[in-house]
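Colleague: Supplied in structure tokens, the structure appears directly below.
The values are calculated or read from the model by the stated rules, or taken from the named source; none is laboratory data. Predicted, not measured: the structure shown is a model, and the values here were computed from it. Cβ coordinates were reconstructed from backbone atoms using ideal geometry, including for glycine residues, and neighbour counts include every protein chain displayed.
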Amino acid sequence: MQDLKGLTVVSVEHAVAAPFASRKLADAGARVIKVERPEGDFARGYDSLVAGQSSYFVWLNRGKESIALDLKADEDKAVLRRIVATADILIQNLGPGVMERLGFGPDDLCAEFPALICCSISGYGRHGPRARQKAYDLLIQAECGLSAITGTPEGPARVGVSVVDITAGMTAYTAILEALIGRGVTGKGRHIELSMYQAMAEWLNVPYLQHRYGGKTPARQGLMHPTIAPYGLFVCGDGQELLISIQNDREWAALMQIFDVPDYATAKGFATNDDRVANRPAVDALVQSLLGRQSREDTAALLDAARIAYGRLSSMQDLVEHPQSRFADTPLPGGPVAVLAPGATIASEEGAPYGPVPSLDQHGAAIRREFG
């Protein structure tokens, strides 16, 4: 997808949220100049598991150019200023007020360069009593209430990926695309302010609304759905685990029919979803007894025939071998590595190569020459 070819993005970034947004722009064809501190983006050191490089960095930084700048030094500030003067988009996720103190306040830059689109990503935004509170993914999972509804009845849990950072990065990406459309109409850019906290909190509207207006606070259910039953994890006769999801009473009746216990389709405590949620222990016990009669794959075949939704509880190796997984090669110095491909594809461009992952300051000399 080269729809953004010809656009220049400068991203003063580190870690995950801003690099994810700028990588999405790079994938779409934009030129992305990644500005790193002299010692490099600290995500380079998160691990060394992918041919000696960080798994995070490989995932988030393909197709970018890297320049290392000391933004406390006047000479390097001048380089950044010349880059910004020609850029279409500036992304930054330094701490609140840092860009202002360095002389690159996004509001001032947008006033000086009216077509510039600036996107500032912070933990809590630049206003409010917690604006200066340090923020990382797991901390905000806890702070916004996500951890309160994630885990088991015995205790809360972290979502297994950096869901807050990813949410913030994708929110930034969509806001930038909206700004580009707006600029195409008005000729003017804008300053987008985005907080990781609010980006994640917006996703919590269903449990929030249930709690605030319905008086029903979702409890931690592990791999069970809090308001639909049966919807969760069951063990099949071969010890393999399967999740099933019954979305309505018709599907419940179909499930009872394929297991030859049709009386439960209309029995008291089983007939409607409200009944089943209130009677969840008995419902789950019944379903467990039915699924425990045969292997996981035999059960899956029965559910397929009845068009009942299910999912296998997959390991990371299952993900590698999953027939629906798609991969894309990302060039590294020692040869390409296969990363999981983005969810959206364009048929005519499927399999198109991605750009390489840059080494620290790999393009610094060339960028300095280009920008004087």
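Colleague: Of the residues 310, 354, only one is of a type outside the set (S, T, N, Q) and part of a strand (DSSP E or B); which? Please lay out each step first, then the result.
Modeller: On the way: 354 fails: part of a strand (DSSP E or B).
When all the criteria are applied, what remains is 310.
Colleague: Do we have any residue at all in the stretch 123-139 that's under 21 Å from the mean Cα position of the chain (by Cα), assigned to a strand (DSSP E or B) and either modelled with pLDDT of 95 or more or outside the structural domain of residue 168 (by TED's automatic domain parsing) (or both)? Can you show your working first?
Modeller: Taking the stretch 123-139 and keeping what is under 21 Å from the mean Cα position of the chain (by Cα), we get 123-125, 134-139.
Filter once more, keeping what is assigned to a strand (DSSP E or B): none.
No: the stretch 123-139 contains no residue that is under 21 Å from the mean Cα position of the chain (by Cα), assigned to a strand (DSSP E or B) and either modelled with pLDDT of 95 or more or outside the structural domain of residue 168 (by TED's automatic domain parsing) (or both).
Colleague: Taking into account only those residues within the stretch 60-98 that are among the β-branched types (Val, Ile, Thr) and part of a helix (DSSP H, G or I), which is surrounded by the most Cβ atoms within 10 Å (Cβ to Cβ)? Steps first, answer last, please.
Modeller: First, pick out the residues of the stretch 60-98 that are among the β-branched types (Val, Ile, Thr): 67, 79, 83-84, 86, 89, 91, 98.
Then drop every residue that is not part of a helix (DSSP H, G or I), which leaves 79, 83-84, 86, 98.
Details: 79: 20, 83: 20, 84: 22, 86: 12, 98: 15.
The selected residue is 84.
Colleague: Hey, can you tell me all the residues within the stretch 253-312 that are charged (D, E, K, R) and touching a Ser or Thr at 6+ places or on another chain (Cβ under 9 Å)?
Modeller: Here is the first cut: in the stretch 253-312, the ones charged (D, E, K, R) are 260, 263, 268, 274-276, 280, 284, 293, 296-298, 304, 307, 312.
Of everything in the stretch 253-312, just one residue is charged (D, E, K, R) and touching a Ser or Thr at 6+ places or on another chain (Cβ under 9 Å), namely 293.
Colleague: Among 66, 54, 11, which is in contact with a strand residue (DSSP E or B) (Cβ under 6 Å, 6 or more places away or on another chain), under 24 Å from residue 140 (Cβ atoms) and at pLDDT 95 or above? Even if it seems obvious, please write down each step before you answer.
Modeller: Details: 66 fails: under 24 Å from residue 140 (Cβ atoms); 54 fails: in contact with a strand residue (DSSP E or B) (Cβ under 6 Å, 6 or more places away or on another chain).
Of 66, 54, 11, the one residue that is in contact with a strand residue (DSSP E or B) (Cβ under 6 Å, 6 or more places away or on another chain), under 24 Å from residue 140 (Cβ atoms) and at pLDDT 95 or above is 11.
Colleague: Residue 285 is checked against (1) in contact with a Leu (Cβ under 6 Å, 6 or more places away or on another chain); (2) exposed (fewer than 13 other Cβ atoms within 10 Å of the Cβ) and fails just one. What number does that condition carry?
Modeller: Unmet condition: (1).
Colleague: So which residues in the stretch 210-228 are modelled with pLDDT of 95 or more and either assigned by TED's automatic domain parsing to the domain that holds residue 151 or closer than 22 Å to residue 302 by Cα (or both), if there are any at all?
Modeller: If the condition is that a residue be modelled with pLDDT of 95 or more and either assigned by TED's automatic domain parsing to the domain that holds residue 151 or closer than 22 Å to residue 302 by Cα (or both), then no residue fits.
Colleague: Any residue in the stretch 314-333 that is of a type in the set (Gly, Ala, Ser), assigned to a loop (DSSP other than H, G, I, E, B), under 26 Å from residue 232 (Cα atoms) and in contact with a Gly (Cβ under 6 Å, 6 or more places away or on another chain)? Show your work before the answer.
Modeller: Applying the first criterion (of a type in the set (Gly, Ala, Ser)) to the stretch 314-333 yields 314-315, 325, 328.
The next check asks that each one be assigned to a loop (DSSP other than H, G, I, E, B); those that pass are 314-315, 325.
Among the residues that remain, those that are also under 26 Å from residue 232 (Cα atoms) are: 314-315, 325.
Checking the rest, the ones that are also in contact with a Gly (Cβ under 6 Å, 6 or more places away or on another chain) come to none.
Scanning the stretch 314-333, I find no residue that is of a type in the set (Gly, Ala, Ser), assigned to a loop (DSSP other than H, G, I, E, B), under 26 Å from residue 232 (Cα atoms) and in contact with a Gly (Cβ under 6 Å, 6 or more places away or on another chain), so the answer is no.
Colleague: Shifting gears a bit: Collect the residues in the stretch 26-59 that are crowded, with 18+ Cβ neighbours inside 10 Å, of a type in the set (S, T, N, Q) and out of contact with any Gly (no Cβ under 7 Å at 6 or more places or on another chain), keeping them in residue-number order.
Modeller: Listed by number, the list holds a single entry, 53.
Colleague: Are any residues in the stretch 272-296 acidic (Asp, Glu) and free of Cβ contacts under 8 Å to residues at least 12 places away in the same chain, and if so, which ones?
Modeller: In the first step, residues of the stretch 272-296 are kept if they are acidic (Asp, Glu); the result is 274-275, 284.
Across the stretch 272-296, the qualifying residues are 274, 275.
Colleague: I'm trying to understand the selection: among the residues of the stretch 99-119, which are surrounded by 15 or more Cβ atoms within 10 Å (Cβ to Cβ) and out of contact with any Pro (no Cβ under 9 Å at 6 or more places or on another chain)?
Modeller: 102, 104, 105, 106, 109, 110, 113, 117, listed by residue number.
One line per residue, one yes/no per condition, for (1) within 19 Å of the chain's Cα centre (by Cα); (2) of a type in the set (S, T, N, Q):
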position	(1), (2)
5	no, no
8	no, yes
16	yes, no
25	yes, no
30	no, no
35	no, no
38	no, no
52	no, no
58	yes, no
